[in-house]
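Written below as structure tokens is the structure these notes are about.
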Amino acid sequence: MAQKPAPTWASYRDSIGDRSSLFSAITDQWPVERALYPGCYLDLSPSTAIHDVTYVDNDRRAATYFATPGLPESEAARARGDQTRGEGASAIEAPRITFHPADYTSPLPVPPHSTELLISLYAGPVWDNCRQYLAPRGLLLANTSHGDGSIAALEPDLELVAAVHHSGDRYRLRLTDLQSYLIPKSGAAPDVDTIRRNGRGIPYTRAAFAYIFRATS
Ligand SMILES: C[S@@+](CC[C@H](N)C(=O)[O-])C[C@H]1O[C@@H](n2cnc3c(N)ncnc32)[C@H](O)[C@@H]1O
């Protein structure tokens with residue numbers, strides 16, 4: 001029987017969609033050169049817009065994908081070319097892609113305060129375990145599926161700077177009217193410890209795909 005081909009970003013994209021436009025919207029707004037993506041699985045979309053991305057996952061399929069020589073680089077370069085066709089694609093620097101096959105709850109070989117964007121999407125308690133890698137005034141992109149977006153909303157050292165919406169593969173940032181987001185549906189919102197214990201975010205009156213927070217120091 002023929003073996004199923006190993007999954008790649010292209011095959012993963014068929015199930016989750018392409019988030020490239022999310023990261024180009026972020027870099028259009030803020031000068032992000034370096035990002036850290038714990039629990040990335042096969043989502044290579046940050047590398048279509050951000051020069052230097054460090055990916056971390058403890059799933060062996062992710063390790064196999066990222067260890068295939070040239071494959072992530074060529075998938076990212078192809079997608080960057082598709083995005084910028086007709087806009088001087090040749091001027092774009094080759095992406096720098098680093099992968100650590102690691103558990104992000106243990107110390108990572110990443111310098112403290114070195115990343116300008118920490119990505120937490122559907123991958124558990126990334127903020128609590130990886131906040132030390134975020135640069136001063138750095139950005140956290142988080143959704144609420146495992147609680148990070150809701151924990152961040154209650155962090156005194158983070159401020160909400162954008163809400164992320166999407167329709168299919170088209171992502172856009174909402175930068176105004178931010179006070180209308182992150183209002184709990186139920187009157188008495190759970191506290192941070194309850195969110196951590198449950199590993200689930202709070203339902204809000206106005207839904208968004210994710211939120212972008214900036215460290216205030
Ligand atoms: C549901 S997938 C989400 C993947 C990607 N973030 C996305 O949004 O498409 C969660 C990924 O997080 C990884 N993960 C969960 N906990 C982890 C940990 N402690 N260390 C490293 N990877 C982890 C899993 O292996 C899995 O690949």
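Per DSSP helix of 4 or more residues, -39500 (n - 2.57); summed, then divided by the residues of the chain. What does that give at 222 nm, rounded to the nearest 500? Here the helix-only value at 222 nm equals -7500 deg cm²/dmol. A Gaussian network model of the chain, with springs between Cα atoms under 10 Å, assigns the largest mean-square fluctuation among R80, R172, R197 to R197. For the options L22, L139, L154, a Gaussian network treatment of the chain with springs between C-alpha atoms closer than 10 Å singles out L154 as fluctuating the most. With each label modelled as a point 7 angstrom along the Cα→C-beta vector, the A2-R170 pair spans 3.6 nm.
Between S180 and E33, the modelled labels are 3.7 nm apart [label points 7 Å from Cα along Cα→Cβ]. Here each label is just a point 7 Å from Cα along the line to Cβ, and for D128 and T68 those points are 3.5 nm apart.
Taking the centroid of alpha carbons for each part, the stretch 1-52 and the stretch 151-210 are 22 Å apart. Residues S167, S180, arranged from fewest to most other Cβ atoms within 10 angstrom of their Cβ, appear as S167, S180. Our compactness index for the stretch 9-215, the C-alpha radius of gyration over the empirical 2.2 N^0.38 Å, is 1.00.
Taken together, the values in this text are just the output of simple stated rules run on the coordinates, not laboratory data. Please read all numbers here as calculations on a predicted model, not as lab measurements. Here Cβ is always computed from backbone atoms with ideal geometry, including for glycine, and neighbour counts include all displayed protein chains.
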